[in-house]
1. Hey, could you check the stretch A:132-162 for residues that are of a type in the set (S, T, Y) and outside any helix (DSSP H, G or I) and say which is nearest to B:I80 (Cα to Cα)?
2. I'd like to know if the stretch B:18-38 contains one or more residues that are facing chain A (nearest Cβ under 7 Å) and within 23 Å of A:F61 (Cα to Cα).
3. Count, please, the residues in the stretch A:210-232 that happen to be within 11 Å of another protein chain (Cβ to nearest Cβ) and buried (at least 20 other Cβ atoms within 10 Å of the Cβ).
4. Please state which of the following conditions B:F58 fails to meet, knowing it meets all the rest: (1) at the interface with chain C (Cβ under 8 Å from one of its Cβ atoms); (2) among the aromatic types (F, W, Y); (3) farther than 23 Å from C:L10 by Cβ.
5. Within the stretch B:69-94, how many residues are within 7 Å of chain A (Cβ to nearest Cβ) and either farther than 19 Å from A:T60 by Cβ or among the β-branched types (V, I, T) (or both)?
6. Starting from the stretch A:36-54, keep only residues that are more than 7 Å from every other protein chain (Cβ to nearest Cβ), then list their pairs with residues that are of a type in the set (S, T, Y) and part of a loop (DSSP other than H, G, I, E, B) whose Cβ atoms are within a distance under 6 Å, requiring at least 6 positions of separation or different chains.
7. Taking the stretch C:1-18 as the search range and keeping residues that are over 24 Å from A:Y34 (Cβ atoms) and at the interface with chain B (Cβ under 7 Å from one of its Cβ atoms), which one is surrounded by the most Cβ atoms within 10 Å (Cβ to Cβ)?
8. Could you tell me whether C:A32 is closer than 22 Å to C:L21 by Cβ, among the small types (G, A, S) and touching a Leu at 6+ places or on another chain (Cβ under 6 Å)?
Amino acid sequence: MTPRLRRRVFLVAAAVAGAWLLWGLTGLPDYGVYNGPYGDVLNRVAVAERKATNVVASVTFDYRGVDTMGEEYILFAAVLGVATLLRAQRDETEQPPDEDAADRHAPATSNAVRVIGLGLVGPVVLFGMYVVAHGHLTPGGGFQGGVVLATGALLVYLSGEYVTLRRVSPEVLTDAAESVGAAGYVAIGLLGVVAGATFLTNVLPLGRPGALLSAGTIPPINLAVGLEVAGGFVLLLSEFLEQTLVIRRPGEVT
Amino acid sequence: MRFLPYVVAAWLLLVGLYGIVTSRNLVHAIICLSVAQSSTYILLLSVGFRRGGTAPIFLDVPVGTRAVDPVVGALTLTDIVVGATVSALLLALAVQAHKHHGTLDPERLKPERD
Amino acid sequence: MIVLEVTVFLLVAAAGTAVVLTRNPVNQAIVASFYGLVLGIMFLVYQAPDVALSQITVGAVALPLMILLALAKVRALEGSRRRDDDR
């Protein structure tokens, strides 16, 4: 099928599908009018029941905790897939980076980039930890804070210090962080089973809404998810970076 | 105005699919896939929006003020992070495909017949 | 308020179309980063700060980063392959 024919067939199909889609979507309630009962019920009772002022976090990690566990494992499996795909195959060997140095025209990072990048690493990591820790009080949580923490590692690389990045985040550490995060979620869920209730019940003391140590199991789950997401993204970054600096060709001997 | 968000969501989905169908580069197709994914976020949040409502965070407003739906926000925020990671997996697949076939063009990545 | 919402929706539709119509992946990564930022603004207009935070960190930083790293890897492979053919 030639590309032109494919484009024409697609346009016809898209017109039909678009018409159908719009006909279905106009059956929804008007935009801006919300009648559904669940949102109102949750907004009214979540703060009193779970003592967490961020209702979205209490929905993600408490009321619908099993769904979030599944999503976290999708992330884990995707990172596992990337690591498996990009490692050395059985018939490939490594070329050390300096063999290709003559060909690479990468400009040295300027001093301004280095100063700003390295200067911002501390505040960014601190901000990431703040977002993870306050997930049950203000907007944020494990997912967002984990990505911000991984951005701190990215800043180290962007300042031109790849060797420092490898030393600061060795593979053992990122692997351990990711696995502890993934297993920690299930371990906290099993706390509920040990205490005699169902899996992922909120069994820790609930505290007072607005305090840092409140909302039972939600802060520990935030911590586990933050560790896992941060470790996962730093691992992704390291895998792709290793590939750009160390080329593996089939059958070559260094 | 009553249906503008839904029209935008449908448009983004179809535009993303068009990009994938007429793509000449695997990385371009992966980014168009992420555009098509973002149309679902818009649809979800439009369903839960309440005009005049505030964010469902009750740290400084009393419980009982009109707020938007928290459930769709919870669904969308995990979806965004997971979608990016799956895109990373697809990019790793594209890198491997280039390593074995030397090209990123889907037209030239035919299965080998030998 | 209505004007703000309509403007943001049209901006999102235009940015999404621009991402698809940019054919070169290196340019597309930058346009995708801008699209992520515009989506984050739209999520703020939707009164969903959690989602906006998530979208800005992922869609404007992490995703374009991974795209550029994959493209750098592909370019390095092509360079080494060409050098081996010359050798």
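The values are calculated or read from the model by the stated rules, or taken from the named source; none is laboratory data. The shown structure was predicted, so the numbers you read here are calculated from the model rather than taken from an experiment. When we count neighbours, we look across all protein chains shown, and the Cβ atoms used for this are built from the backbone with ideal geometry, even at glycine.
1. My answer is A:T138.
2. Here is the first cut: in the stretch B:18-38, the ones facing chain A (nearest Cβ under 7 Å) are B:18, B:21-22.
Checking the rest, the ones that are also within 23 Å of A:F61 (Cα to Cα) come to none.
Looking through the stretch B:18-38, none of the residues is facing chain A (nearest Cβ under 7 Å) and within 23 Å of A:F61 (Cα to Cα).
3. 4
4. For B:F58, the failing item is (1).
5. Count: 10.
6. A:K51/A:S214
7. Top of the filtered list is C:G16.
8. Working: closer than 22 Å to C:L21 by Cβ: yes; among the small types (G, A, S): yes; touching a Leu at 6+ places or on another chain (Cβ under 6 Å): no.
So C:A32 does not fit the description; no.
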